[in-house]
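Every number here is computed from the coordinates shown, using simple stated rules; none is lab data. Because the structure is predicted, anything quoted here is derived from the model rather than measured. Cβ atoms come from the backbone with ideal geometry, glycine included; neighbour counts cover every protein chain shown.
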Amino acid sequence: MLDRVFGNRYRLIEKIGIGGMAEVYKATDEVLGRTVAVKVMLPQYASDPTFAARFKQEAQSAANLQSPYIVNIYDWGHDEADNTYFIVMEYVRGTDLKTAIQQRGAINKHKAAEIASQVCAALSVAHSYDIIHRDIKPHNIMVQPDGNAKVMDFGIARANGSTMTQTGSVLGTAYYVSPEQAQGRPLTSATDIYSLGVVLYEATTGQVPFDAPDAVAVAVKQVNEQPVPPAQINPAIDPELEAIILRALAKDPLERYATAEQMRTALNNYLAGRPVDTGVEQPAAVTRVMGAAGVLPVIGADGAQDGLQPPAHTAVMPSVSSASPLNVRSSARAAEEQKKKKNRTRAAVITVIAVIVCIAAIAAAVYFLMPKGEEKARVPNVVGATEQEARKAISDAKLATGAVSYEAHATMEKDRVIQTKPSADTEVNRGTAVELVLSSGPEPPKQVEVPNLYSLSPDAAKTKLEGLNLQPSNGGERFDATVPAGSVCAQDQAAGGTISEGSTVTFYVSKGKETGVVPGVVDQPKDQAVQYLKDAGFEVEYAEAEHSDKAVDVVIRQTPPSGATQDKGTTVTLTLSLGPESVTVPNLAGKTREEAASELAALGLFVEYQSESVGRASQVDKVVRQDPAKGAAVSKNSTVTVYIGTMPDPGPDPDPGPSTGGSDDGANTGGGSGTGGGTNTGDESRTDATTGS
């Protein structure tokens with residue numbers, strides 16, 4: 001049925017539940033684009049006018065109920081293709097309270113009280129419209145991820161006074177029905193309060209107050225027996241909360257909370273730590289019993305008898321006791337005082353009579369309610385349901401759940417029903433045990449070891465994979481420096497690992513080594529050169545750095561050279577500059593021109609000469625000053641200026657008078673003698689220190 005479209009707008013996408021007469025699907029509203037839940041009536045009920053009318057009534061009953069704690073009803077309709085009916089409602093995320101209890105047992109008492117308070121709020125809205133839910137149970141209470149509850153499934157709800165349900169019929173689940181519901185008596189909103197009391201009892205203790213092998217026996221207990229006080233099962237339950245639960249479970253509807261709102265107030269007071277309304281003290285308890293011939297007298301505390309008339313309607317289960325747990329507890333002291341005043345013999349007689357009559361009444365009730373003869377029932381179709389859902393559907397069909405087994409299934413979700421034994425729609429006797437076969441999920445696929453495909457040809461790799469029931473996939477070619485062209489060089493699943501049969505293994509084929517042109521990086525800074533080479537697909541290493549006239553870490557050589565064609569991944573060797581080499585300037589003071597030049601040349605330095613007048617003859621033609629000074633650190637090939645001493649110019653001679661001989665003796669006073677060269681004081685020259693010229 002998945003992917004079906006109902007009402008030309010609701011497309012079913014996932015089955016999420018099954019109930020007694022309908023299946024529930026998650027669906028998409030293709031008009032509004034939102035997720036909804038669609039409840040579809042089971043085919044075997046669609047042709048029954050009674051069920052169809054009840055299905056429609058559910059939509060009508062809940063459509064106008066606006067509460068944050070009630071699942072909203074959006075639409076309903078009839079699908080002519082399958083001649084069935086559907087209801088469209090709010091899609092609620094979360095889990096039902098029954099599942100939560102089954103998984104965890106008793107839940108936190110305060111959380112249980114909070115959920116019950118929210119259910120009371122929902123019931124208050126419904127009761128204000130004179131609508132009785134009639135099927136309050138944890139299965140119909142959804143707990144959302146935020147912890148808030150929503151009441152759903154008004155499938156058997158009806159307006160008070162409606163004649164939809166025949167007088168005397170029992171609807172709902174036996175574990176949660178009220179005594180008056182089990183007896184077929186007219187119902188009021190008090191029946192929902194009783195059912196909620198059962199839910200609260202189960203939520204706080206982890207078990208229902210009344211249990212028995214079959215629904216009839218459970219219903220008998222609902223009418224006749226008092227529940228074990230919940231605190232005896234779970235001592236963590238506070239007396240105030242226990243009092244609320246027991247008042248809700250009173251057999252007499254008049255002794256329960258008058259309204260759902262009153263019960264909600266009591267729960268909220270408990271949660272807030274305020275005083276809790278536990279009910280008004282009642283008169284001493286009385287016992288009403290019905291024998292086979294009709295209603296027996298009421299035996300009061302003083303032995304007086306009140307005549308009672310049988311009810312006008314036909315009861316499915318006759319009333320045996322109207323005493324509620326609350327009355328029993330609240331009147332215990334008064335009864336005890338009265339007992340002391342009575343004759344012990346008289347009290348004993350009354351007790352014996354009451355016990356005998358109760359036993360007779362219970363036997364009569366069971367007799368009238370037990371199916372007569374070999375009544376038949378049909379096995380419901382629960383394929384796809386959870387175990388809990390299947391058990392409920394089987395119980396609702398008056399059948400029992402038999403053995404539960406598991407089988408692997410390729411498509412059915414784990415823990416969902418695959419089949420029943422007997423199969424669905426088989427007619428069997430009531431009470432027959434129906435076996436459930438649940439899915440354990442699909443068979444795990446066989447695991448195989450991934451083969452090593454390296455260096456194989458593509459055809460050989462494909463054959464090897466197919467032989468292991470694996471799917472081969474050629475991912476294309478890629479360059480590889482180690483595997484020859486045309487052979488497998490890589491695979492996406494590691495060799496030696498394990499994968500499932502049928503899995504795909506992708507392999508890649510080598511195109512051989514990739515080549516490229518080495519870029520030129522000489523005169524480039526180190527970091528920039530390395531980036532260029534790596535971007536081109538080459539690796540880098542360094543030779544020993546050398547001194548040069550280039551800045552530190554500038555490339556001065558590369559191998560292979562720029563423009564060479566090499567395999568990608570080849571290493572290019574770079575020689576980096578250490579910068580110019582430095583030397584220490586020597587002390588040249590007192591040295592001759594030639595000596596200074598020779599010493600500087602040995603250090604790789606150039607020399608430049610300057611003349612400087614001196615006052616002593618010993619300093620003439622000797623170095624008297626230098627720049628840079630001795631001890632200074634300079635780069636090789638730097639120039640050192642040396643100053644050579646000369647005699648100062650003596651100035652012009654006194655007038656010697658006229659020449660007498662025309663001789664040129666002394667006329668060349670500025671001649672180049674070693675002692676009289678002062679006329680050349682401005683002489684400047686830069687001489688290569690290696691020649692001394």
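For segment 516-546, the residues whose backbone nitrogen is under 17 Å from a point 7 Å from the Cα of SER562, taken along Cα to Cβ, are 517-536. With a Förster radius of 30 Å applied to the C-beta separation of ARG34 and GLU407, the computed FRET efficiency comes to 0.20.
Enumerate the whole-percent occupancy of each 10 Å bin, from 0 to the last occupied one, for all C-alpha pair distances of segment 516-627. Histogram of Cα-Cα distances, whole percents per bin: 13, 29, 15, 13, 14, 10, 4, 1. Expressed as a fraction of 2.2 N^0.38 Å, the value expected for a compact globular protein of N residues, the C-alpha radius of gyration of segment 44-104 is 1.39.
FRET efficiency for the pair GLU435 and GLN207, taken as 1/(1 + (r/R0)^6) with r the Cβ-Cβ distance and R0 = 35 Å, rounds to 0.85. D by Stokes-Einstein for segment 447-510, Kirkwood Rh over Cα pairs, 37 °C, 0.692 mPa s: 286 µm²/s.
Taking label positions 7 Å along the Cα-Cβ direction at both LYS511 and ARG274, the computed distance is 8.0 nm, reported to one decimal.
Proximity of backbone amide H atoms, modeled 1.01 Å from N, is registered between ASP96 and VAL143 at under 5 Å, excluding neighbours fewer than 5 places apart on the same chain. Close amide H contacts of TYR406 (hydrogens built in the peptide plane, cut-off under 5 Å, sequence separation of 5 or more or a different chain): LEU438. Its residue count N fixes a reference of 2.2 N^0.38 Å for segment 374-448, and the Cα radius of gyration divided by that reference is 1.21.
Sequence-ordered 3J(HN,Hα) estimates for segment 518-528 from the Karplus curve with 6.51, -1.76 and 1.60 and θ = phi - 60° stand at 6, x, x, 10, 5, 6, 9, x, 3, 4, 5 Hz, glycine and proline given as x. A simple spin-label model places the labels of ASP415 and ASN469 2.9 nm from each other, with each point 7 Å out along Cα-to-Cβ.
Geometric descriptor of segment 515-580, per residue, is 57 Å³ (volume of the convex hull of the Cα atoms). Using the empirical formula 2.2 N^0.38 Å as the baseline, the Cα radius of gyration of segment 1-129 reaches a ratio of 1.16. Could you calculate the FRET efficiency of ILE233 with THR95 from 1/(1 + (r/R0)^6), where r is the beta carbon distance between them and R0 is 35 Å, rounded to 0.05? Taking R0 as 35 Å, the efficiency between ILE233 and THR95 is 0.90. Less than 5 angstrom separates the built amide H of TYR91 from those of ALA37, all sequence-distant by 5 or more or on a different chain. Sorted on the mean count of surrounding Cβ atoms within 10 Å across their residues, most packed first, peptides 97-107, 221-231, 117-127 read 117-127, 221-231, 97-107.
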